[in-house]
Protein chains: 4
Amino acid sequence: MEQIAIALVGAGRMGQVHGPNAAGHPGLRLKYVVDSRADAAAAMVARTGAGIASLEQALADPEVGGVLVCSTTDKHLEHALAAVRAGKAVFCEKPIGLDLAQVREAQPLFDGSRFLLGFNRRFDPQFRVLRQRLASGEVGTLETLHLVNHDPAAPPPGFIPNSGGLFLDFTIHDLDLARWLLGEEPCEVFAMASCLVDPEIGRLGDVDTARVLLRTPGGRLCVISNTRRSGCGYDQRIEAFCADGRLAAGNVGHDRVVALTDAGSRGAPILPDFQHRYADAYRAQIDHFAEVVHGREAPAVGYADGVAALALADACARSARSGAAVDLLVAP
Amino acid sequence: MEQIAIALVGAGRMGQVHGPNAAGHPGLRLKYVVDSRADAAAAMVARTGAGIASLEQALADPEVGGVLVCSTTDKHLEHALAAVRAGKAVFCEKPIGLDLAQVREAQPLFDGSRFLLGFNRRFDPQFRVLRQRLASGEVGTLETLHLVNHDPAAPPPGFIPNSGGLFLDFTIHDLDLARWLLGEEPCEVFAMASCLVDPEIGRLGDVDTARVLLRTPGGRLCVISNTRRSGCGYDQRIEAFCADGRLAAGNVGHDRVVALTDAGSRGAPILPDFQHRYADAYRAQIDHFAEVVHGREAPAVGYADGVAALALADACARSARSGAAVDLLVAP
Amino acid sequence: MEQIAIALVGAGRMGQVHGPNAAGHPGLRLKYVVDSRADAAAAMVARTGAGIASLEQALADPEVGGVLVCSTTDKHLEHALAAVRAGKAVFCEKPIGLDLAQVREAQPLFDGSRFLLGFNRRFDPQFRVLRQRLASGEVGTLETLHLVNHDPAAPPPGFIPNSGGLFLDFTIHDLDLARWLLGEEPCEVFAMASCLVDPEIGRLGDVDTARVLLRTPGGRLCVISNTRRSGCGYDQRIEAFCADGRLAAGNVGHDRVVALTDAGSRGAPILPDFQHRYADAYRAQIDHFAEVVHGREAPAVGYADGVAALALADACARSARSGAAVDLLVAP
Amino acid sequence: MEQIAIALVGAGRMGQVHGPNAAGHPGLRLKYVVDSRADAAAAMVARTGAGIASLEQALADPEVGGVLVCSTTDKHLEHALAAVRAGKAVFCEKPIGLDLAQVREAQPLFDGSRFLLGFNRRFDPQFRVLRQRLASGEVGTLETLHLVNHDPAAPPPGFIPNSGGLFLDFTIHDLDLARWLLGEEPCEVFAMASCLVDPEIGRLGDVDTARVLLRTPGGRLCVISNTRRSGCGYDQRIEAFCADGRLAAGNVGHDRVVALTDAGSRGAPILPDFQHRYADAYRAQIDHFAEVVHGREAPAVGYADGVAALALADACARSARSGAAVDLLVAP
C-alpha cells in the first residue's frame, strides 16, 4: 500500500496514543515528531522510528500529507491553522480551544480544509453498533438518551486550572455524542454540578460531578452523567430510549470469567481507563484519518462539530452557575 | 395467629391489589368492602368473602382495627381522616392528595395516628437489597443516584385530567425513593419535560416524558427518568454511584431462558406491569400494615413522607413550567 | 370454586411442601393428615387446619377425592396402590420405588388409574419456557442436551443407606427431564461416578459425583451432571444444543442487585435449595393435581414415566459398576 | 529490540494466522516462507515482506533461529524433526501426527529440543484467568470440569479423510485443556458419538457430535462436549466445579449492545470462528515463542504434551467404537 508521510505535533498523553497507531498504519509513515520537550520527543522516536523536526520543518516538507495535532489545548488552534495553511490534512485533538468566541472567529479560516476533530467515541465499535441499530428502526424513534461518562479517578489538581473545567474538558465528549445520536441539535441546556470527589477541585473553582439535561426542538431529552471518579473503572455507557423499546451499549469487561459461590457471583472489572476502553476507537479514528490523508474520505467530524460541542459545553457552564436552563436559540 | 378485622375502602385498581393480599394474610380478616359501585364491591366480595358496608358502618365496628384507603385520589384525605378519627390504623394509597397546601394543612390532624402511606417501592425486595448494600458501606459513600421509572404504556387520555399530572401522579414514587435513598432531603429541583408519547396528553396540558434533577445540601445529585411508554415493559431500575463503586438494581425478567444463534441472543422480556413487578412489594407492604394493625410496628412511611414527596412533585411541576431550578429552602 | 377434599399421607420433608400448597388451593380442601409420627402430624394440622386420620379412615371417606402420597420411599407403592384401589386420584412423590422389578410388576395394577408422579421439574416455569421454545423450532432440531443438577450440600450420611443411591434418588429427576425433552427414549446409558464430597458416602457404598451420558436411537446425546455439593447453591440448568443454535435455562438469583468496583462485579447468589428454586413448580404441580382430582385433566406424568426413569437410573448404576455402556434394547 | 530471523513452513490456513503475527512481532523477523504452492507462498510474501526459500535453504541459514511448522498434519513430524536437528527452536501446529505409535517412537528424538506445540487455548486470556482463579483457591479444590468446544460449521467433507477424525483433529484441543486444568493425568476415557450434522461425514467413517468423559486417579471427572456445527458461532466455554463453588469462562460477544422490547432482549452473536475468538491467544502464543527463540523461556507446551493428548484422543476413538471405557493404565 502506498504510504503518505505525516507529522506528530505533541508527544504527550494523546500523542502517545495516536503516534504509534499512525506509525503502525500501512497507509501512513510517521516521518516527524514535533515536541520541544526533548525527552518526550526522544521517547516517541524510539518507539516509532520517526525523526525530530520543528513544526516549520515538518510543514515545509512536501512529502508530509497530514499532521496530528496533539499539543496542549491552548496550542490546538494555532497548530491546526498552521497545518491547514500549509495544505496538510489535519487531525486535531479535542477541544479545538477553550474560548468559544475565539474558536468561532477562526472557523472561516478552516473552510474547505481537511480537518478531522478527535471525538474518538464516534469511532467506538460499541457505540457504532448502537447507532446503527438505532438508525435501523429496530426499536422505533428515539425519544430520550442517557450517556454515562465516569472517569476512573480524579486528575491531579494541577491539571484543573488549564483544563477549561469539567464541562469543556470532559462533558464535551458527551455533548458531541449527544449531537451524533439525537438527530437534532440541542436547543436547551441545564446543568447541575457538585464537588464531591476532591475538595481541592472545588477550591480551584471547578466541579467534579455533574448531571446535564439537553432538549431538542422536537422535545427529545438527553441526560449526561459525569464524575471524575467512578470507583469502578472507566464507566462508559449509552442507553437510547425509543418508542418501541430501548438500546443499551454496556461496558467492556476485562474478561468473561465469573465465580459463583454461596456468597454470590464475582466477575471481572470493566476496562480501567480510556487507553484500554477506546483502543479500538483510536485505531479506527487513525484508519479514517489515513483515508482523509489519501483523499479517499472526507473528515467525519469537522470544525463545525467542535464549535457546536464547545457552545453546548459553554452553555453547561453558564447554566451550572445560574441555576437556570440556557436557551441556545436566545443565548447561543 | 390472632386475626384483626379490617375494611377496604375502594375496590378499584389498587383495591384489587391490596384487598386480596389483606384477605390472604394470616393476621388480618377482610371484614368489609366499602365501594358505592355495586359491581366493584360485589366482585371483591366474591373474591375475598368480605361483607359490604358503608364507610360509617365499617368505622363504627369496634372489631375493625384497620382501614385500607384505596378510593380515588380526591377522597384519600377525607377517608383517611375519618378512619384516623375512628381510631383505626390506616393504610392509604399514594398520593395523600394533589393540593399541597391542603395536604400540609391537614398534617396536624394525623399527629399520633397510625398512618401508613402506600409507597410500595420501599418494600420491593430488589430495592431493599440495594439499600442494605448501600448502607453496608460496600461501595462507599453515596454521591449520585439514577432512578428509572418507565411505564409500559400510556394511560387512556381520560385518566389525565384528574391525575394531577405526571409529576404528582407518577414521579412522586421516584421522589419518595430518592428521599429514602439519598440520606438527605433534596433542597433543589429541576425538571425538563416533553410530550412525545401521545399528543392528546399534551393537549390536556400534561407531559409524558420527563427528566428530573435533585440536589441535596451535601451536593448529592439524583436523576429521575420517567416516561409513560417504554416499549419494553415496566422498566424499573436504580443505580447508586458511590465513592468506591456503584450498585445497580436491575429489572426482573419473565424467565431466564436465552436462545443463541448466529444472529445473536434472544432473552425474555422484563415483567410487563406494576402488578407483576411489585407483587412481592405489595405483599410485603400488607405484611407491614398487619404489624401496624397489631401494634407491633410503627408505620415505616408516614404522613410527613407524603407531604415531602408531594412538595418535591409540586416543585418539579413549577420547574418544568419556569425552566429554572426551584430552591426548596427559598420556595418550599 | 367447588372444593374437593384430599388427604396427605406423610408430613415429612415433601409433605411439608405439598400439604400447605394443597391446603391453600381454592379447588382443594386438605381434610386429613396421615402420619404415625404424632408431632409431624400435629405440626401439619396446626399449619393447615386439617384433621388427623389413619390411611384407612381417609380412604374410606367418600368426600376424599384425592391423596397426596408423601410417605417414605419404601411405602410409596403400597400407599399409592391403596389409594388407587379406593378410587382416589393419587399424587405420588418420586420415586415410585427403588426395586425396578417390583415397580414393573405392579404397573398393571395402576392401569386406568388417575396417578400423577411427582417429577416437579416438568412444572418449573423456566424449564417449561425452554421446552416451548425448543418445540417452536426457533433454534432447529435438538441434537444434544446438557442437564446440570447440583445439590447445595451433601445429605447427612444417615440418609444414604435407604436412599437407593445417587442414581435412583437424585439422577432420576434428570433422567425424567431427559425423556421429557429428548423427544426419543434413550437407548444407551453410560455413567462415571466418584466420591469426592464426603468419604462417608463412599464407605456406605454410594457415590456423590457423577456424569451420565445417554444416547437415543436417532443419535441424540445427553449429558447429566450431578453432585451432592455445589458450593454455590442449588445449581439447576438446562442447555439444549440444536441445529440452528442453542437454548439455555439459567439459574434464578436471589436478587438482581450487582455491585461494581475496581475489583470487579459482585452479584447475588442463586436460590439456595429445592424449596426456593422449585416453589413455583411445586405450586403448578398441585394446580395440575387439582385439575386431575376435579376430572378436568389427565395426569401429565404417569406410572409408566416412573418405570422408565427408574429403568434408566438402574442402568446408570449398572454402567457405573461395569465401566461399560448399557444397551437398553439388550438389557432393559 | 533485537530481532531473530525465523522461517514459516506452510502458508495455508494456520500459516496465515502465525506468519503475520510473527512478522509483526518486535523480537522476530520473518525471513523465509517455505511452501511448494507458489500462490500461497507469494501471498505470504506480499503480506509480510518475507523471502521464499526451500526448507533446506531456510534451515541452512545460521541467522534463522526458529521455525514455524504449519504444514499439513502428515508433514508436522518430518518438518519439526528437520528443524530440531538443525538446532532451531520449533513452533509446531497441533497435532504432532495422527499415528500414536509413530509419534511416541519419535519422542526421544526431541529430547532436549526447544519444541513448542501449538495448543493455542492455553494462551487464551479468558482461560488463563480461569486457571489462575482456580489455582488461587478462590472456589476450593477442583472436582469436575466441563469443556464446550463447538465449531460454527462443519468442514467440507473433503477435509475429513485426512483429518484423523473428530477426536484426533478436534477433541484433542479439549484433551490438552483438560490435562492443563485437571491437575492430574486422566486415567480413564469414555466417548459417545453420533453423526447428526452431515451424513456425508458418517459415510466417510467419522462422527460430528461427541461427548467424552475423563476420570483422573483422584476421581475428578471431566466432560467434553464437541460438535462440528453449533448454529451459534464458535462456542468455547469452560466450567470448573469446585468444592466451594464454580468458575465459568464464557464466550466473547461481538459487542455489548442489547435491545429490549416487549418481545424480549436481543444481544450480539458471539465471535464466529477461531480466527476471531483466539486472535489474542495466537498472538500470545507467538509472544511466548519469541521468548523461546531468544532463549529467555522454555516452551510451555512440549512434545510430551502432544503425545499425551494424542493418546487420550486415540482412547476416545477406541471407546467410541467399543462402547466401553478405556482404562489408560491398562491400555495406554
Exercise for review: Identify the single condition in (1) out of contact with any Ser or Thr (no Cβ under 8 Å at 6 or more places or on another chain); (2) more than 12 Å from every other protein chain (Cβ to nearest Cβ); (3) within 20 Å of A:Tyr278 (Cβ to Cβ); (4) modelled with pLDDT under 95 that A:Pro157 does not satisfy, given that it satisfies every other one.
Suggested key: (3)
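List the strands (runs of 3 or more DSSP E) inside the stretch C:82-166, counting only whole elements, that have at least 2 residues being surrounded by fewer than 23 Cβ atoms within 10 Å (Cβ to Cβ).
Details: elements: C:89-92, C:115-117, C:142-150.
It comes to C:142-150.
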**Study point:** Failed condition for B:Asp273, given (1) under 23 Å from the mean Cα position of the chain (by Cα); (2) within 19 Å of C:Val257 (Cβ to Cβ)
**Key:** (2)
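Within the stretch A:107-124, does at least one residue satisfy the condition of being free of Cβ contacts under 8 Å to residues at least 24 places away in the same chain and in the same structural domain as A:Leu271 (by TED's automatic domain parsing)? Write out each step before concluding.
So in the stretch A:107-124, the residues free of Cβ contacts under 8 Å to residues at least 24 places away in the same chain come out as A:108, A:111-112.
Now narrow it down to the ones that are in the same structural domain as A:Leu271 (by TED's automatic domain parsing): none.
The answer is no; no qualifying residue exists.
If you take the residues in the stretch C:307-332 that are part of a helix (DSSP H, G or I), within 14 Å of chain D (Cβ to nearest Cβ) and among the small types (Gly, Ala, Ser), which one is surrounded by the most Cβ atoms within 10 Å (Cβ to Cβ)?
Residues of the stretch C:307-332 that are part of a helix (DSSP H, G or I), as a first pass: C:307-322.
Narrowing the set further to residues that are within 14 Å of chain D (Cβ to nearest Cβ) leaves C:315-316, C:318-322.
Filter once more, so that each one left must be among the small types (Gly, Ala, Ser): C:315, C:319-320, C:322.
On the way: C:Ala315: 26, C:Ser319: 24, C:Ala320: 22, C:Ser322: 13.
Among those that are part of a helix (DSSP H, G or I), within 14 Å of chain D (Cβ to nearest Cβ) and among the small types (Gly, Ala, Ser), it is C:Ala315.
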Check your understanding: Does A:Arg277 satisfy the condition of being among the basic types (Lys, Arg) and in contact (Cβ under 8 Å) with a residue 24 or more places away in the chain?
Key -> yes
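Could we say that D:Ala304 is in contact with a Lys or Arg (Cβ under 9 Å, 6 or more places away or on another chain), under 24 Å from D:Cys222 (Cβ atoms) and not in a loop (DSSP other than H, G, I, E, B) here?
Numbers: in contact with a Lys or Arg (Cβ under 9 Å, 6 or more places away or on another chain): no; under 24 Å from D:Cys222 (Cβ atoms): yes; not in a loop (DSSP other than H, G, I, E, B): yes.
Spelling it out, it is not the case that D:Ala304 is in contact with a Lys or Arg (Cβ under 9 Å, 6 or more places away or on another chain), under 24 Å from D:Cys222 (Cβ atoms) and not in a loop (DSSP other than H, G, I, E, B).
Only residues that are among the small types (Gly, Ala, Ser) and over 12 Å from the mean Cα position of the chain (by Cα): list them for the stretch B:276-311, please. Before the answer, list the steps.
Looking only at the stretch B:276-311, we keep the residues that are among the small types (Gly, Ala, Ser), and these are B:279, B:281, B:284, B:290, B:295, B:298, B:300, B:302, B:304, B:306, B:308-309, B:311.
Within the stretch B:276-311, B:Ala279, B:Ala284, B:Ala290, B:Gly295, B:Ala298, B:Ala300, B:Gly302, B:Ala304, B:Ala308, B:Ala311 meet the criteria.
Strands (runs of 3 or more DSSP E) wholly in the stretch D:179-287 with at least 1 residues that are more than 14 Å from chain A (Cβ to nearest Cβ) - which ones? If you could, list the steps in order and put the result at the bottom.
Values: elements: D:188-194, D:209-215, D:221-227, D:235-242, D:245-249, D:257-261, D:264-267.
So the answer is D:188-194, D:209-215, D:221-227.
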Study note, to complete from the structure: The condition from (1) modelled with pLDDT of 95 or more; (2) buried (at least 18 other Cβ atoms within 10 Å of the Cβ) that B:Ile52 misses is numbered (2)
Exercise for review: Select, from B:Asp208, B:Asp262, the only residue that is surrounded by fewer than 23 Cβ atoms within 10 Å (Cβ to Cβ), of a type in the set (D, E, K, R) and at pLDDT 95 or above.
Suggested key: B:Asp262
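Residues of the stretch D:288-301 being outside any loop (DSSP other than H, G, I, E, B) and in contact with a helix residue (DSSP H, G or I) (Cβ under 9 Å, 6 or more places away or on another chain), which ones? Please lay out each step first, then the result.
Quick first cut of the stretch D:288-301, residues outside any loop (DSSP other than H, G, I, E, B) only: D:288-293.
Once the filter is applied, which keeps residues that are outside any loop (DSSP other than H, G, I, E, B) and in contact with a helix residue (DSSP H, G or I) (Cβ under 9 Å, 6 or more places away or on another chain), the stretch D:288-301 yields D:His288, D:Phe289, D:Ala290.
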Review point. Does any residue in the stretch B:125-138 that is facing chain C (nearest Cβ under 7 Å) come within less than 9 Å, Cβ to Cβ, of a residue that is at pLDDT 95 or above and part of a helix (DSSP H, G or I) six or more places away or on a different chain, and which pairs are these?
Key: B:Pro125/B:Asp280; B:Pro125/B:Ala281; B:Pro125/B:Ala284; B:Gln126/B:Asp280; B:Gln126/B:Ala281; B:Leu130/B:Leu181
**Study point:** Test: C:Phe167 is of a type in the set (Phe, Trp, Tyr), touching a residue at least 24 places away in the same chain (Cβ under 8 Å), touching a strand residue (DSSP E or B) at 6+ places or on another chain (Cβ under 9 Å) and more than 10 Å from chain B (Cβ to nearest Cβ)
**Key:** yes
**Study point:** Selection from the stretch A:178-205 of residues that are crowded, with 21+ Cβ neighbours inside 10 Å and either over 19 Å from the mean Cα position of the chain (by Cα) or over 19 Å from A:Phe241 (Cα atoms) (or both)
**Key:** A:Val189, A:Phe190, A:Ala191, A:Met192, A:Ala193, A:Ser194, A:Leu196, A:Val197, A:Ile201
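The values are calculated or read from the model by the stated rules, or taken from the named source; none is laboratory data. Note that the structure is predicted; figures quoted are calculated from it, not measured. FYI the Cβ positions are ideal-geometry reconstructions off the backbone, even for glycines, and counts take in every protein chain you see.
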